[in-house]
Amino acid sequence: MKNNKVVLAFSGGLDTSYCAKYLSIEKDLEVHSAIVNTGGFSKDELAGIEKKAVNLGVASHVTLEKTSEYYDNIIKYLIYGNVLKNNTYPLSVSAERIYQAIALAEYANKIGASAIAHGSTGAGNDQVRFDLVFQLLAPELEIITPIRDMSLSRKEEIDYLAQHGLALEWQKAQYSINKGLWGTSVGGAETLTSHLALPEESYPSQVEKTSTEVIALQFEKGEIKGINGDKVDPVTAIQKLEGIANKYGIGRDIHVGDTIIGIKGRVGFEAAAASIIIKAHHLLEKHTLSKWQLHWKEQLASWYGMFIHEAQYFEPVMRNIEKFLEDTQTNVTGTVTVELHPYRFIVQGIESKYDLMKSGFGDYGEKNNNWSGEDVKGFIKIMANPMKIYKHVNDKA
């Protein structure tokens with residue numbers, strides 16, 4: 001190594017707290033911790049994380065603010081594509097890891113570090129996401145991963161920190177929480193099984209409201225730009241909606257999927273704003289896009305989400321898909337009303353000047369204004385021709 005300076009991806013959680021101490025004591029490295037804020041932390045929370053880092057003895061600590069970039073370069077397209085991995089998960093952590101890794105690589109290069117470290121295990125997806133981006137953007141840096149290399153359990157990490165005067169409550173440290181703009185993941189002993197549910201207290205947001213509430217979401221060209229008539233930027237809208245809806249316990253679920261390394265994985269999450277925005281946006285699209293726009297969007301958006309999940313953000317085809325998705329949003333403008341209940345929500349309907357239901361051509365199942373009964377008979381007859389021909393030829397054969 002050209003020097004003993006290492007940048008540590010630091011969240012203040014158990015794994016990265018262990019890494020801070022281990023790298024300093026066992027490896028005699030000068031640890032510079034950095035947290036990348038992708039919209040999941042308040043100023044007070046960031047101050048608390050900095051205090052933790054200082055107490056762990058790091059040489060320096062910095063907060064790298066990337067929320068707006070994260071939205072503009074990834075979240076926006078996940079909304080355009082209504083992306084839900086396995087029809088469930090809004091890629092809360094999958095997406096933010098990309099921008100965290102980019103920011104960390106840039107920072108490590110900036111301060112002239114020789115190495116970069118993270119607290120990922122050897123059994124998850126994050127190790128691939130971090131390492132891949134680091135190899136692309138900072139190929140000369142050594143990548144150090146203590147948790148992965150030593151296959152440590154959470155109990156072993158807690159015991160090590162206790163030996164060095166940092167006692168942690170097991171009850172508080174038993175759940176792994178990753179918080180960001182697009183949702184919060186929750187991992188624990190229950191998610192290592194195939195049948196146990198996460199307990200209520202494991203979720204960071206607790207249910208506080210039980211009365212029904214109706215909210216109106218304003219979209220402009222596919223982006224959320226207002227709530228209940230108050231115009232705001234998309235990041236603020238997401239954060240504001242999260243603050244309203246997570247008090248109902250909305251957006252909780254457990255995602256089961258295939259990891260990048262080939263094993264099945266299970267993780268809990270809460271993503272109130274993401275869950276509502278995706279469903280509201282999708283309904284608005286159903287009213288404003290053509291049949292084939294919807295069809296091809298669904299195909300490409302599925303690939304886009306899969307590539308984000310699989311750490312393929314820098315694959316050139318991703319920029320092509322983004323251009324397609326953005327082009328489809330020209331008329332996706334209007335207001336969507338949503339009714340909030342404890343643990344669930346109902347997307348009620350939309351209002352838009354681009355609503356294709358208001359064409360005046362006809363009312364589904366009731367009235368045809370621009371064609372006659374005879375027109376329909378001829379249409380059906382011609383439409384049936386290919387199937388008639390196939391049946392005729394094969395029946396004879």
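The values are calculated or read from the model by the stated rules, or taken from the named source; none is laboratory data. All values reported here derive from a predicted model rather than from experimental measurement. For neighbour counting, all protein chains shown are included, and Cβ atoms are generated from backbone atoms with ideal geometry for every residue, glycine included. For the accessible areas, the whole protein counts, side chains as well, though only heavy atoms, and no ligand, DNA or RNA atoms are used. Shrake-Rupley method; radii C 1.70, N 1.55, O 1.52, S 1.80 Å.
Worth pointing out:
- Scanning region 250-308 for residues that are of a type in the set (Lys, Arg), open to solvent by 10 Å² or more (accessible area, probe 1.4 Å) and assigned to a helix (DSSP H, G or I) turns up Lys279, Lys286, Lys291.
- Residue satisfying all of: in region 48-89; farther than 30 Å from Ser24 by Cβ and of a type in the set (Gly, Ala, Ser); nearest to the chain's Cα centre (by Cα) among these: Gly81
- Condition check for Leu132: in contact (Cβ under 8 Å) with a residue 40 or more places away in the chain and open to solvent by 30 Å² or more (accessible area, probe 1.4 Å): yes
- Single condition Asn228 does not satisfy, out of (1) under 27 Å from Glu65 (Cβ atoms); (2) without any contact (Cβ under 8 Å) to a residue 24 or more places away in the chain: (1)
- Condition check for Val376: open to solvent by less than 70 Å² (accessible area, probe 1.4 Å) and assigned to a strand (DSSP E or B): no
- Unique residue being of a type outside the set (S, T, N, Q), open to solvent by 20 Å² or more (accessible area, probe 1.4 Å) and touching a residue at least 40 places away in the same chain (Cβ under 8 Å) when the list is Lys110, Lys2: Lys2
- Single match in Glu142, Glu156 (criterion: free of Cβ contacts under 8 Å to residues at least 60 places away in the same chain and either among the acidic types (Asp, Glu) or open to solvent by 30 Å² or more (accessible area, probe 1.4 Å) (or both)): Glu156
- Close Cβ contacts (under 7 Å, 6 or more residues apart or on different chains) running from residues in region 361-386 that are without any contact (Cβ under 8 Å) to a residue 40 or more places away in the chain and at negative phi to residues that are outside any loop (DSSP other than H, G, I, E, B) and not polar (S, T, N, Q) comprise Asn368/Gly362; Asn369/Gly362; Asn370/Gly362.
- Just one residue in the set Glu326, Glu339 is closer than 30 Å to Val207 by Cβ, at pLDDT 95 or above and of a type in the set (D, E, K, R); that residue is Glu339.
- The set of residues in region 17-73 being assigned to a strand (DSSP E or B) and open to solvent by 60 Å² or more (accessible area, probe 1.4 Å) consists of Glu30, Glu65.
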